[in-house]
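For reference, the structure is listed below as structure tokens.
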Amino acid sequence: MLGYTMPIYVYVIESLLVALILLSSFAMLSSRWVSFYIHSYAFQSFLIFILTLVLGIESKNINLYLVAFLTLFIRTIIVPYMLLKMIKKFNIKEEVKLSVKIPLSIISGLLLTVFAYFLIYRLISPFSPKIVVNASSIALSLVFIGFFMIISRFTTITHILGILIIENGIFLLSVVVVPTLPIIVELVVLFDILVTLVAMLILSMFMKMQTGSFSTAMLKRLVG
């Protein structure tokens with residue numbers, strides 16, 4: 001989108017979509033239920049699919065069409081299905097142990113979002129439209145919130161989702177700032193999601209066999 005002149009209605013749609021994408025991350029921070037995290041991730045990925053499709057239609061970029069529908073298939077359908085199936089198969093407890101309480105998690109998310117906006121504003125605001133600055137700020141905030149989820153939740157499933165949210169943020173940033181990014185790069189990123197997910201699921205099952213739990217709080221036994 002950087003360097004493109006879009007009609008005002010596209011800006012309005014994009015602004016609405018990226019705002020909803022950010023809200024989906026805060027929805028995760030406001031809950032302690034694993035299935036809610038997974039459905040929120042699926043919703044967030046669906047919004048990214050719509051945003052990519054809108055940009056593809058407006059810019060008449062066939063690559064964005066392909067990336068959009070791969071996003072729908074992999075992020076919105078395949079990944080949530082695999083995670084929900086894992087919960088059911090291994091009887092993973094729905095409630096997640098938190099190292100940071102929900103109110104403080106939301107406040108931390110807000111601070112991370114403000115910090116992301118400050119960084120993006122300083123980096124690209126002199127030569128970018130305001131809509132790009134706002135969308136890029138939200139994309140970077142997803143990366144920060146994903147890292148925060150990894151360190152503030154004690155379940156491997158939430159760690160996997162944190163990594164996936166980080167990837168969503170990176171993907172959103174690439175779509176907004178460089179929509180003409182070569183299709184091979186986007187395909188490699190999508191393939192990387194599946195590889196990462198499978199690897200994390202294998203590690204989670206190994207941890208289950210070793211500790212009898214999917215909670216990373218059990219790993220403190222290894223310290224010292």
Check: What nm distance separates the two modelled labels at Leu110 and Lys85, each placed 7 Å from Cα along Cα→Cβ?
Finding: 4.1 nm
Margin query: Suppose each label sits 7 Å from its Cα in the direction of the beta carbon; what would the Ile102-Tyr121 distance come out to in nanometres?
Written below: 3.1 nm
Checklist line | Environment charge of Leu142, counting only residues whose C-beta is closer than 14 Å and scoring Lys/Arg +1, Asp/Glu -1 | finding: 0
Notebook entry, point to check: So, by mean Cβ neighbours within 10 angstrom, what's the order for 164-170, 25-31, 96-102 with the highest one leading?
Noted result: 164-170, 25-31, 96-102
Check: Considering amide H positions built from the backbone, and no H for Pro or chain starts, which residues 5 or more places from Arg153, or on another chain, come under 5 Å of its amide H?
Finding: Ser99
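For every other residue with a beta carbon closer than 10 angstrom to the beta carbon of Arg153, add +1 if it is Lys or Arg and -1 if Asp or Glu, then tell me the sum. Can you show the working numbers first?
Numbers: positive: Arg32, Lys97; negative: none.
Value of the local net charge: +2.
Count the net charge of all other residues whose Cβ sits under 12 Å from the Cβ of Ser45, scoring Lys and Arg as +1 and Asp and Glu as -1.
Details: positive: Arg75; negative: Glu167.
So the environment of Ser45 carries a net charge of 0.
Taking the highest mean first, how do the peptides 68-77, 9-18 order by number of other beta carbon atoms within 10 angstrom per residue?
On the way: 68-77: 18.6, 9-18: 16.8.
So the peptides 68-77, 9-18, ranked by packing, come out 68-77, 9-18.
Taken together, the values in this text are just the output of simple stated rules run on the coordinates, not laboratory data. Bear in mind the structure is a predicted one, so any value in this text is a computation, not a measurement. We place every Cβ from the backbone using ideal geometry, glycine too, and count neighbours over all the protein chains shown.
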